[in-house]
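Peer 1: This is the structure, below, for whatever I ask next.
The values are calculated or read from the model by the stated rules, or taken from the named source; none is laboratory data. As the structure is a computational prediction, the values presented were derived from the model and not from experiment. All Cβ positions, glycine included, derive from the backbone under ideal geometry; neighbour counts span all protein chains shown.
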């Protein structure tokens, strides 16, 4: 479980950093504003500030789509050992 939790945490941290970099680069946001926007999108809440540039809008759209998939993948990776152990408890066959 430690390994899968570490992998999940790594995916979230890498995704957060990528979002922060994108907002900082395309929208010239300060790092704290980029962190706030990236974390809000990654958590599914939506952006705090609307992108103003074409590149920023394109990045925000792609990042939002990616974030939804990243959260689903991270949940699957993190909880896979728990589900696996539960199925063993039920003696479930393949």
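Peer 1: Could you give me the residue pairs with C-beta distances under 8 Å whose first residue belongs to segment 4-25 and is on the phi < 0 side of the Ramachandran plot and modelled with pLDDT of 95 or more, whose second residue is exposed (fewer than 14 other Cβ atoms within 10 Å of the Cβ) and not in a helix (DSSP H, G or I) wherever it lies, and which are 6+ apart or on separate chains?
Peer 2: Going by the 8 Å Cβ cut-off, the qualifying pairs are 24/30.
Peer 1: Could you go through segment 47-57 and let me know if any residue there is within 13 Å of the chain's Cα centre (by Cα) and within 26 Å of residue 7 (Cα to Cα).
Peer 2: Checked against the condition, which is being within 13 Å of the chain's Cα centre (by Cα) and within 26 Å of residue 7 (Cα to Cα), segment 47-57 yields no hits at all.
Peer 1: Let me ask something else. Which of the residues belonging to segment 26-40 are out of contact with any helix residue (DSSP H, G or I) (no Cβ under 8 Å at 6 or more places or on another chain) and more than 13 Å from residue 63 (Cα to Cα)?
Peer 2: 28, 32, 36
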